[in-house]
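The values are calculated or read from the model by the stated rules, or taken from the named source; none is laboratory data. As the structure is a computational prediction, the values presented were derived from the model and not from experiment. We place every Cβ from the backbone using ideal geometry, glycine too, and count neighbours over all the protein chains shown. Ligands, DNA and RNA are excluded from the accessible area calculation, which covers all protein heavy atoms including side chains. Shrake-Rupley method; radii C 1.70, N 1.55, O 1.52, S 1.80 Å.
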Amino acid sequence: MPNEVSSTQPTKGSRFENEEAPSALGDFTTTWSVIPLSLVAIGIGILSAFVALALLRLIGLFTNLFFYQRWNSAFVSPAGHHLGATVILVPVVGALIIGFMARYGSERIRGHGIPEAIESILSGSRIEPRVAFLKPLSSAISIGSGGPFGAEGPIIMTGGAFGSTVAQFMHLTSSERKTLLVAGAAGGMSATFASPVAAVLLAVELLLFEWKPRSLIPVALASAAAAVTRRYMIGLGPLFAVPTHPIFIGPKGLLGCVLVGLLAGALSALLTVSVYAAEDSFGKLPIHWMWWPAFGGLVIGIGGWISPRALGVGYDSIEALLQGGMTVRVMLGLLAVKWIIWSVSLGSGTSGGVLAPLLMMGGALGGVVATVLPNEGAGFWPLVSMGAILGGTMRSPFTGVIFALELTHDVTVLLPLLVAAVIAHGFTVLTLRRSILTEKVARRGYHLSREYAVDPLEILFVREVMQTNIAVLPAKILGKDIARFLYAGHRHGQQLYPVVDEEGRLAGVLTRGDLNRFAQEHRTEDDGRRIGELVRSTPGTAYPDEPLRVVVYRMAETGLTRLPVVERNSSRKLVGMVSLDDLLKARVRNLEAERRRERVLTVRQFFPRRFWRRRPN
């Protein structure tokens with residue numbers, strides 16, 4: 001008769017056999033391989049700084065060529081041109097060039113840059129080497145011809161392309177290629193804006209899809225290396241100088257931050273909707289997508305004719321907003337024109353980034369609402385609004401806060417930025433399913449989750465979910481007794497039966513199909529063989545003291561959905577059985593923690609009983 005016990009032997013040949021012994025469990029899973037990977041990442045970070053410098057020089061060169069007809073790579077604003085109404089044609093010419101480059105060079109140069117980097121990460125972290133050259137060139141032409149974009153998206157894609165290219169020459173895993181790709185992206189952003197910390201946060205919140213030392217350390221070192229290299233090529237930050245602001249703003253100021261956060265969240269949602277409404281509209285045109293940027297360029301040209309400040313990267317306009325040097329009328333016009341030309345041109349599929357335009361529009365919004373908010377100094381509300389709109393539009397609140405601080409070095413606005421950015425982030429999370437960056441990725445057939453949490457399978461052990469009341473077959477049972485065992489074992493509903501020796505050690509396993517076949521063979525005669533001579537070797541086992549995550553990996557590796565559980569020592573004593581259904585218990589616990597509501601404490605439980613005694617009259 002079967003015993004009511006359970007057990008299993010150690011896994012043989014599995015890569016997960018001993019790695020999760022109690023002594024091996026720790027906070028992190030990073031190995032020594034992070035050191036050589038970090039050294040390569042540092043080199044990529046230095047390379048990214050040179051790439052960033054090249055992109056800035058290219059933008060300056062094309063801006064000078066298109067608007068001032070001179071050969072000069074100095075970074076200038078197109079707002080001071082003297083082209084008159086003919087400025088309308090300049091963005092059209094640039095857009096036509098980009099359309100041809102995208103069709104006959106690489107379609108991956110189209111778009112913001114960050115969604116394309118995300119898509120590359122999701123598809124194995126492989127980027128074509130030619131993208132590393134075509135992306136900065138197309139972006140420089142786009143911005144240099146008046147496109148209302150920033151350089152950060154293209155440099156993230158370009159730095160990522162260089163990082164991916166280096167990684168593809170090395171013998172690496174997909175995760176390691178991803179780390180080097182993101183290292184290049186973070187290095188490019190760090191060198192462009194002198195914002196090493198914000199670059200790392202952007203990588204964590206948007207590109208890595210994880211918070212692990214194995215990727216964080218190389219990416220952070222790459223960003224730091226790029227920032228140090230920038231010092232010798234471009235100079236130190238901050239990118240924008242701002243007046244001194246008060247350290248404490250009081251309750252009224254904080255309420256103003258809440259209002260700015262709500263308005264920035266609403267603007268973020270509207271900007272996202274408008275970009276993809278424009279993209280959908282272009283998709284309905286009966287012409288090839290190569291020509292779409294030309295129509296977007298025409299809208300840019302008209303908008304630039306009306307408001308020249310809306311053209312190009314707009315660093316001078318951002319600085320003017322932070323210095324308090326614009327009137328409300330100019331700010332309203334700048335916000336409206338920038339919004340229209342940016343959303344239409346971005347929807348047309350041209351090449352350009354989103355951070356600088358968001359900073360400009362956020363600053364204009366903050367400057368307008370500053371007229372009804374407490375006076376906290378020149379540029380205070382534009383700066384707070386800039387951080388808030390980054391947190392809302394990109395769904396990366398910490399990046400928005402730190403980015404604003406590193407752009408200005410004004411640490412006194414840390415608390416106001418935190419309040420406004422988180423409020424804006426909460427607004428868009430509740431009103432939009434995806435951000436302006438992930439929506440494009442989703443339209444290409446991918447799905448991203450921006451929520452990081454500890455997997456329930458990581459913190460639960462096998463001993464907490466395994467079954468101990470199982471049918472176990474003694475190895476000494478004769479073939480003629482199998483039918484009797486099957487009859488008795490039907491009540492268990494088992495499909496896999498551990499076979500144990502006299503000391504309870506796992507000898508192997510048999511499936512119900514095996515038992516049925518043996519029963520048929522020994523129905524009329526008995527050859528004297530015992531079950532122990534017929535068992536299968538166990539391709540997979542589990543230990544009671546290992547996390548369920550390891551068991552899931554082992555099941556995936558072996559193709560098994562049921563594993564015997566044995567003690568982690570040489571005895572191999574059977575202690576239970578774990579199945580795929582048991583692993584789902586961890587998920588059920590997580591769902592209960594998320595959905596089950598209960599009142600744990602009542603007022604009567606909180607106060608002493610004597611408090612509730614009726615007092616005498």
Among the candidates Gly235, Gly261, Gly250, residue that is over 26 Å from Ala151 (Cβ atoms), modelled with pLDDT under 90 and not β-branched (Val, Ile, Thr): Gly250
Tyr446 being over 41 Å from the mean Cα position of the chain (by Cα) and at pLDDT 75 or above: no
Any hit, the stretch 272-295, residues being in contact (Cβ under 8 Å) with a residue 60 or more places away in the chain and closer than 25 Å to Phe75 by Cβ: yes
Unique residue being closer than 22 Å to Phe427 by Cβ, free of Cβ contacts under 8 Å to residues at least 60 places away in the same chain and surrounded by 24 or more Cβ atoms within 10 Å (Cβ to Cβ) when the list is Gly392, Gly363: Gly363
Residues being in a helix (DSSP H, G or I) and open to solvent by 40 Å² or more (accessible area, probe 1.4 Å) - total across the stretch 218-246: 6
Per-region count, the stretch 91-133, residues in a helix (DSSP H, G or I), touching a residue at least 60 places away in the same chain (Cβ under 8 Å) and open to solvent by 10 Å² or more (accessible area, probe 1.4 Å): 8
Residue under evaluation Ala185, criteria (1) free of Cβ contacts under 8 Å to residues at least 12 places away in the same chain; (2) crowded, with 21+ Cβ neighbours inside 10 Å, criterion not met: (1)
Any hit, the stretch 415-427, residues being open to solvent by less than 70 Å² (accessible area, probe 1.4 Å) and in a loop (DSSP other than H, G, I, E, B): no
Count - residues of the stretch 158-180 that are farther than 16 Å from Arg108 by Cα, buried (at least 24 other Cβ atoms within 10 Å of the Cβ) and among the hydroxyl-bearing types (Ser, Thr, Tyr): 1
Pairs, first part of a loop (DSSP other than H, G, I, E, B) in the stretch 448-469, second open to solvent by 50 Å² or more (accessible area, probe 1.4 Å), C-beta under 7 Å, six or more apart: Tyr452/Trp211; Asn469/Glu4
Qualifying residue in the stretch 134-147 (condition: outside any loop (DSSP other than H, G, I, E, B), within 24 Å of Leu65 (Cα to Cα) and free of Cβ contacts under 8 Å to residues at least 60 places away in the same chain): yes
Subset tally (residues that are in contact with a Gly (Cβ under 8 Å, 6 or more places away or on another chain) and modelled with pLDDT of 85 or more) for the stretch 325-349: 12
So Gly347, is it touching a helix residue (DSSP H, G or I) at 6+ places or on another chain (Cβ under 7 Å), touching a residue at least 40 places away in the same chain (Cβ under 8 Å) and crowded, with 24+ Cβ neighbours inside 10 Å: no
Criterion violated by Ala74 - all others in (1) under 24 Å from Ala194 (Cα atoms); (2) open to solvent by 40 Å² or more (accessible area, probe 1.4 Å); (3) of a type in the set (A, V, I, L, M); (4) not in a loop (DSSP other than H, G, I, E, B) satisfied: (4)
Of all residues making up the stretch 431-447, the number that are open to solvent by 20 Å² or more (accessible area, probe 1.4 Å) and not in a helix (DSSP H, G or I): 7
Identity of the residue in the stretch 202-245, of a type in the set (Ser, Thr, Tyr) and more than 21 Å from the chain's Cα centre (by Cα), that ends up nearest to Ala191 (Cα to Cα): Thr229
Positions within the stretch 144-174 being aliphatic (A, V, I, L, M) and over 16 Å from Leu355 (Cα atoms), in sequence order: Ala161, Val166, Ala167, Met170, Leu172
